[in-house]
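Peer 1: I'd like to ask some things about the structure below.
What follows is calculated from the coordinates using simple rules that are stated; it is not laboratory data. Note that this is a predicted model, so its numbers are computed, not measured. As a convention, Cβ positions derive from the backbone with ideal geometry for all residues, glycine included, and neighbour counts pool all protein chains shown.
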Amino acid sequence: MLPPRMRILFTVLLLALAGISRAADPVPSVVVERRTLDERIQLDGVIEAVQQSTVSAQTSGRVTALPYDVDDSVPAGALIVQLEDTEQQARLKQAEAALAEAQAGLADARQQFSRSQSLHERRLVADQALDQARNLLNAADARYSKASAAVTEARQQLEYTRVTAPYGGILTQRHVELGETVTPGQPLLSGLSLEQLRVVVDLPQQYAAIIRDERQAQVSLSDGSTLKTGQMTFYPYADPNSHSFRLRMTLDEPGARLFPGMLVKVSLPVAQRDALWVPASSLLYRSELRAVLVLDDQEQPRLRQVRVGTRHGDHVEILAGLEAGERIAANPLQLSGQPEPAPVRESQP
């Protein structure tokens, strides 16, 4: 027995659709189908950069140039910090001079050894003289190797005064200013790359095992557009405070509209159940009343109240009032000539 208010609404709807049964043309219809419903949960995910790092000083010196500021776009390999290099230049020149000296000593030792070897073969010098020349050659070769390594180190220290971007991206933070003296290990600049982005979301403990087995997720923006995701990584441990498990998904095509820190919606399946589905256009909405026009064997429409559940795309779940295989009018509002109602917002179970 319907409540009085519902009876009034039901009667108004019957009167509005009274002329449909007298229509001469066949009524466009659809069959009520039973399909599997994926029950899903929606969680808030955060976009983050795959490459984000802080560049630190590898040598000491005074900051003489900062070509880029915070929020500037920096290409890969560009100079981002220049340190005073007077000391490093001097050390390099000293190392190069020592290398030249060692190279000359090595050449002289080789000549001495060659002469001693030639004389020894003609038995004009003793074995001791040849051994002494060989030892001098080995010592000169060792001094040359040491001087060469010192030059390499000095050049590297000089190179450390020019800090370059390890990859193209955006500067997010500057830890030093012009004129400051830095030491090895001191942070200089922080940045991130927009080329590779990913989504991280925290999964409630009760759903973590199911989602890990299903490995299906849909990521969408506030405007409803979906994002293509790639590899899914499940953290093997839970957060001790929230008891949630973190899920990380790469984005195949992040696009220019995405930036780290943005919120996205992550829809994840947590259960499955059978449900009846009908097109959303087949429903009649009058206040709390939901109804459809069921077609009998004579193609005559009969109004029937139904109880609806969730909406998925352009289909609505029917909880009560219909059976699988029944035929209903595809768009009863077009038959009655009434304007279509505003679309109902899709709900989540």
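Peer 1: Once the Cβ-Cβ distance between residue 235 and residue 307 is put in as r, and R0 is 45 Å, what FRET efficiency do you end up with, to the nearest 0.05? Present the calculation step by step, with values, prior to reporting the outcome.
Peer 2: On the way: r = 41 Å, r/R0 = 0.91.
After rounding to 0.05, the efficiency reads 0.65.
Peer 1: Once the piece of chain linking residue 330 and residue 130 is laid out straight, how much longer is it, given 0.36 nm per residue of separation minus the C-alpha distance between them?
Peer 2: Values: separation 200, 0.36 × 200 = 72.00 nm, distance 10.77 nm.
Working it through step by step, the gained length comes to 61.2 nm.
Peer 1: Over all directions, what mean area does the Cα convex hull of the range 85-160 project, stated in square nanometres? Could you put the intermediate results ahead of the total?
Peer 2: Details: hull surface 18.8 nm².
Over every viewing direction, the Cα hull of the range 85-160 projects on average to 4.7 nm².
Peer 1: With only Lys, Arg, Asp and Glu charged, each at its Cβ (+1 for the first two, -1 for the last two), find how big the charge dipole of the chain is about the Cα centre; round to the nearest 20 debye. Don't skip to the answer; put the middle values down first.
Peer 2: Values: 36 positive and 42 negative charges, 88 e Å.
Dipole of the chain, to the nearest 20 debye: 420 debye.
Peer 1: Right, here's the next one. Let me have the relative contact order for the chain, percent, based on Cα pairs under 8 Å that are six or more residues apart. Write down the numbers at each step before the final one.
Peer 2: Details: 637 pairs, mean separation 96.3, N = 349.
Once divided by the residue count of the chain, the mean separation gives 28 percent.
Peer 1: In debye, nearest 20, what is the charge dipole magnitude of the range 85-160 about its Cα centre with +1 on Lys and Arg Cβ and -1 on Asp and Glu Cβ, if you could check?
Peer 2: Working: 10 positive and 11 negative charges, 71 e Å.
Approximately 340 debye in magnitude.
Peer 1: Express in whole angstrom the spacing between the alpha-carbon centres of the range 67-144 and the range 188-250.
Peer 2: Result: 54 Å between the Cα centres.
Peer 1: Which loop-located trypsin sites (Lys or Arg not before Pro) does the range 135-223 contain, where loop means any DSSP state but H, G, I, E or B and the Cβ has at most 13 other Cβ atoms within 10 Å? Each step should come with its number before you reach the end.
Peer 2: On the way: sites: 143, 146, 155, 162, 174, 198, 212, 215; in loops: 215.
Those satisfying the criteria are 215.
Peer 1: Residue by residue through the range 279-286, which ³J(HN,Hα) values in whole Hz follow from phi under the Karplus form 6.51 cos²θ - 1.76 cosθ + 1.60 (θ = phi - 60°), with glycine and proline marked x?
Peer 2: These are the phi-based 3J(HN,Hα) values: x, 4, 5, 7, 8, 10, 10, 9 Hz.
Peer 1: How far is it, in nm, from the label point at residue 221 to the one at residue 173 when both lie 7 Å from their Cα along the line to the Cβ?
Peer 2: Taking the simple label geometry, residue 221 and residue 173 are separated by 2.8 nm.
Peer 1: Along the charge dipole of the chain, which of 124, 245, 170 sits closest to the positive end, that is, farthest toward it, with unit charges on the beta carbon of Lys, Arg, Asp and Glu (+1, +1, -1, -1)?
Peer 2: 245
Peer 1: Can I ask one more? Output the relative contact order of the range 85-160, whole-number percent, from Cα pairs under 8 angstrom with separation of 6+ residues. Let's see the in-between values first.
Peer 2: Numbers: 54 pairs, mean separation 39.9, N = 76.
Relative contact order, the range 85-160: 53 percent.
Peer 1: Take peptides 309-317, 117-125 and line them up by average Cβ neighbours within 10 Å, highest first, as a rough protection proxy.
Peer 2: Working: 309-317: 16.7, 117-125: 11.8.
By packing density, highest mean first, the sequence is 309-317, 117-125.
Peer 1: How charged is the neighbourhood of residue 194? Take every other residue with its Cβ under 14 Å from the Cβ of residue 194, and add Lys/Arg as +1 and Asp/Glu as -1. List each step's numbers first, then the result.
Peer 2: Details: positive: 198, 257; negative: 48, 71, 72, 195, 253.
Neighbourhood net charge equals -3.
Peer 1: Amide H neighbours of residue 290 under 5 Å, counting only residues 5+ apart in sequence or on other chains, H built in-plane at 1.01 Å?
Peer 2: Result for residue 290 returns 306.
Peer 1: Right, something else. So what's the angle, to the nearest 10 degrees on a 0 to 90 scale, between helix 4-16 and the longest Cα principal axis of the chain?
Peer 2: Tilt of helix 4-16: around 80 degrees.
Peer 1: Sorted by average packing, counted as other Cβ atoms within 10 angstrom per residue and highest first, what order do 266-276, 293-303, 236-246 take?
Peer 2: Details: 266-276: 16.7, 293-303: 14.9, 236-246: 12.0.
Ranking the peptides 266-276, 293-303, 236-246 by packing returns 266-276, 293-303, 236-246.
Peer 1: Which three semi-axes in whole Å describe the equivalent ellipsoid of the chain, each the square root of 5 times a Cα gyration tensor eigenvalue, listed largest first? Working shown, then result.
Peer 2: Numbers: eigenvalues 1384, 112, 58 Å².
After diagonalising the Cα gyration tensor, the semi-axes are 83, 24, 17 Å.
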